[in-house]
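See structure below.
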Amino acid sequence: MSRDLEINGLLTAPMRVGLALGLLATGLFAALPAAQATENGTTHYPVGVNTVGDGYMPLPGTLSWRNYTLVQWSGTLADDSGDEELPGYGLNAEVNAARFLYTFKQPIGPFHYSIGAVLTLVHNHLDIGPMSDQATGLDDMDFQNYLSWHSPDERLFIYSGLDIYAPTGRYDADDLANVGKNYWSFDPSINLTYHATDKLTLESAVYAEFNTKNSATRYQSGNSVDWDYAANYQPFVNRSPDDFAQHLAFGIQGYLLRQFSDDEQFGETVGPDGHRAEAFAIGPQVIYNTRFGGAALKWQHDFGVRNRAEGDTVWVQFAVPLLGTATHVGPHS
C-alpha cells in the first residue's frame with residue numbers, strides 16, 4: 001500500500017522533511033511538572049509538545065528514541081479572571097523525558113500497531129510567598145498504544161490511540177512541591193501531519209484527559225481537552241541533500257487548552273466556576289532534519305490563562321532510530 005520513498009538514494013518531496021520530522025513526532029510522552037499549592041490547572045499531558053511530525057509513528061520493525069528536554073518558568077498563578085491569584089508565586093521546572101516507541105512489522109489491515117513508554121526525570125522549584133520547596137525524581141509513567149495510517153500519496157499521516165498515566169512518581173500531600181500527581185489519567189488522542197505542499201506541513205494533535213481522584217487529598221481534577229498545532233515551512237527543500245540549509249524548517253506553533261468539567265474535593269465543586277483551566281500559547285520553532293533523525297528548538301508563551309500557571313516554556317527535542325531503518329515510510333513492500 002506504500003511506495004519506496006528513495007529515488008537514486010534521495011528522499012522524494014514532500015517527504016524529505018516529513019521523514020525526519022516523523023522521527024520527532026511527539027504525541028503524549030510525559031507530564032509537565034507544574035507543581036502548585038493546589039491540584040487545579042495541571043495536566044498529565046504536556047500541553048504544547050505535539051508540534052513536529054504529529055502524525056508519524058516509527059517505521060514498521062523500528063524502535064525509536066525520542067527525547068524531550070524543557071525548561072519552564074512562571075511568575076503568575078492565574079485565577080478565574082486571569083489575574084494573579086497568589087502573590088509571591090514562582091515556579092521553575094526542568095524536565096527530561098525519554099520516550100521509546102516500537103512499531104510492529106505485521107500490519108492490521110491498513111494500520112500498524114505501536115507501543116511505547118516514557119521515563120521522565122523532573123526537578124521542580126516552587127515559591128509561594130515566604131514558603132519554598134523543591135522536588136526531584138522520576139515522574140508518573142506514561143504507557144502508550146497507537147494505530148497509525150497514511151494516505152497512498154503519503155501526504156497525510158495519522159495515528160490515534162490511548163495513553164495511560166500511572167501514579168508512579170513520588171507524592172506527599174504535606175509537601176508544597178511534588179514530582180508525581182497521585183492519580184491515574186487516561187488520554188485518547190488523534191494526531192495528524194499533512195504535507196500541503198513540498199514545503200508547507202501542517203500539524204495537529206487533539207488529546208482529551210480523564211482523571212481519577214487523588215486518594216491522599218480527595219481532590220478530583222477536572223477533565224480537559226488540548227489542541228496542539230503548528231505550521232512548518234521548509235524553504236530550501238529542493239536544494240542538494242548535502243546543503244545544510246536544505247534540512248532546515250521553520251514554524252509557528254503552540255497549544256489551546258480547555259478544561260470541560262469541574263474540579264471537585266470531598267464531593268463539592270471547587271470555587272464558583274469549578275476552577276476550570278484555560279490557556280493559549282504560541283511561539284516559533286526551528287527544525288533540523290536528516291535521514292537518521294532530527295532535532296527541534298521551540299519557545300512557547302502563554303496567553304489568556306485561567307486557573308493555572310502562566311509563563312514560558314523552551315523545548316529541545318531530538319529523535320533517532322535505535323533499531324530498524326529510517327529510509328522508508330509505511331509498510332515495507
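Scanning the range 154-169 for residues that are closer than 22 Å to Ala97 by Cβ and in a strand (DSSP E or B) turns up Tyr159, Ser160, Gly161, Leu162, Asp163, Ile164, Tyr165, Ala166.
Give the residues of the range 193-203 that are part of a strand (DSSP E or B) and surrounded by fewer than 19 Cβ atoms within 10 Å (Cβ to Cβ), sorted by residue number. Give the derivation first.
Filtering the range 193-203 for residues part of a strand (DSSP E or B) gives 193-195, 200-203.
Within the range 193-203, Tyr194, Leu200, Leu202 qualify.
When Ala166 is tested against (1) open to solvent by less than 60 Å² (accessible area, probe 1.4 Å); (2) under 22 Å from Thr51 (Cβ atoms), just one condition goes unmet, and that condition is (2).
The residues of the range 223-247 that are open to solvent by less than 20 Å² (accessible area, probe 1.4 Å), closer than 30 Å to Ala277 by Cβ and out of contact with any Asp or Glu (no Cβ under 6 Å at 6 or more places or on another chain), listed by number, are Asp226, Asp228, Asn232.
Only one residue in Gly75, Gly48 is on the phi > 0 side of the Ramachandran plot and of a type outside the set (Asp, Glu). Which one? Going through Gly75, Gly48 in turn, the sole match is Gly48. In the set Val71, Val122, Val95, only one residue is β-branched (Val, Ile, Thr), more than 27 Å from Thr193 (Cβ to Cβ) and in contact with a strand residue (DSSP E or B) (Cβ under 9 Å, 6 or more places away or on another chain); that residue is Val122.
One line per residue, one yes/no per condition, for (1) surrounded by fewer than 21 Cβ atoms within 10 Å (Cβ to Cβ); (2) within 22 Å of Asp80 (Cβ to Cβ); (3) not basic (Lys, Arg):
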site	(1), (2), (3)
Gly271	yes, yes, yes
Ala279	no, yes, yes
Ile287	no, no, yes
Ala296	no, no, yes
Gly304	yes, yes, yes
Asn307	no, yes, yes
Thr313	no, no, yes
Val316	yes, no, yes
Ala319	no, no, yes
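Would you confirm, using the coordinates I've provided, whether Leu156 is in contact (Cβ under 8 Å) with a residue 40 or more places away in the chain, more than 30 Å from Pro87 (Cα to Cα) and of a type in the set (A, V, I, L, M)?
Values: in contact (Cβ under 8 Å) with a residue 40 or more places away in the chain: yes; more than 30 Å from Pro87 (Cα to Cα): yes; of a type in the set (A, V, I, L, M): yes.
Spelling it out, Leu156 is indeed in contact (Cβ under 8 Å) with a residue 40 or more places away in the chain, more than 30 Å from Pro87 (Cα to Cα) and of a type in the set (A, V, I, L, M).
Within the range 296-317, residues that are farther than 14 Å from Trp73 by Cα and basic (Lys, Arg) reach partners that are open to solvent by 10 Å² or more (accessible area, probe 1.4 Å) and not in a strand (DSSP E or B) with beta carbons closer than 8 Å, at six or more positions or on different chains, in the pairs Arg306/Asp79; Arg306/Asp80; Arg306/Ser81; Arg306/Gly82; Arg306/Arg276.
Would you check if there is a residue in the range 72-81 being at pLDDT below 95, part of a strand (DSSP E or B) and either of a type in the set (A, V, I, L, M, F, W, C) or within 22 Å of Glu203 (Cβ to Cβ) (or both)? Yes; the residues of the range 72-81 include at least one that is at pLDDT below 95, part of a strand (DSSP E or B) and either of a type in the set (A, V, I, L, M, F, W, C) or within 22 Å of Glu203 (Cβ to Cβ) (or both). Within the range 147-170, being under 11 Å from Ile190 (Cα atoms) and of a type in the set (A, V, I, L, M) holds for Leu147, Ile158, Leu162. For the range 117-153, filtered to residues that are assigned to a strand (DSSP E or B) and charged (D, E, K, R), the residue that is surrounded by the fewest Cβ atoms within 10 Å (Cβ to Cβ) is Asp133.
Restricting to the range 222-232, name every residue that is part of a strand (DSSP E or B) and over 18 Å from Asp302 (Cβ atoms). Let's see the steps before the verdict.
Going residue by residue through the range 222-232, those that are part of a strand (DSSP E or B) are 224-232.
Listed by number, the residues that qualify are Ala231, Asn232.
Restricting to the range 67-114, and then to whatever is among the polar types (S, T, N, Q) and open to solvent by 50 Å² or more (accessible area, probe 1.4 Å), can you tell me which residue is farthest from Glu310 (Cα to Cα)? Once the filter is applied, the top-ranked residue is Gln106. Output the residue which, of all residues in the range 204-221 that are open to solvent by 10 Å² or more (accessible area, probe 1.4 Å) and not in a strand (DSSP E or B), is nearest to Asp142 (Cα to Cα). Among those residues, the one meeting the criterion is Thr212.
The values are calculated or read from the model by the stated rules, or taken from the named source; none is laboratory data. This is a predicted model, so every value here is computed, not measured. So basically every Cβ, Gly included, is an ideal-geometry build from the backbone, and we count neighbours across all protein chains shown. Please note that ligands, DNA and RNA were not included when accessible areas were found on the heavy atoms of the full protein model with its side chains. Shrake-Rupley method; radii C 1.70, N 1.55, O 1.52, S 1.80 Å.
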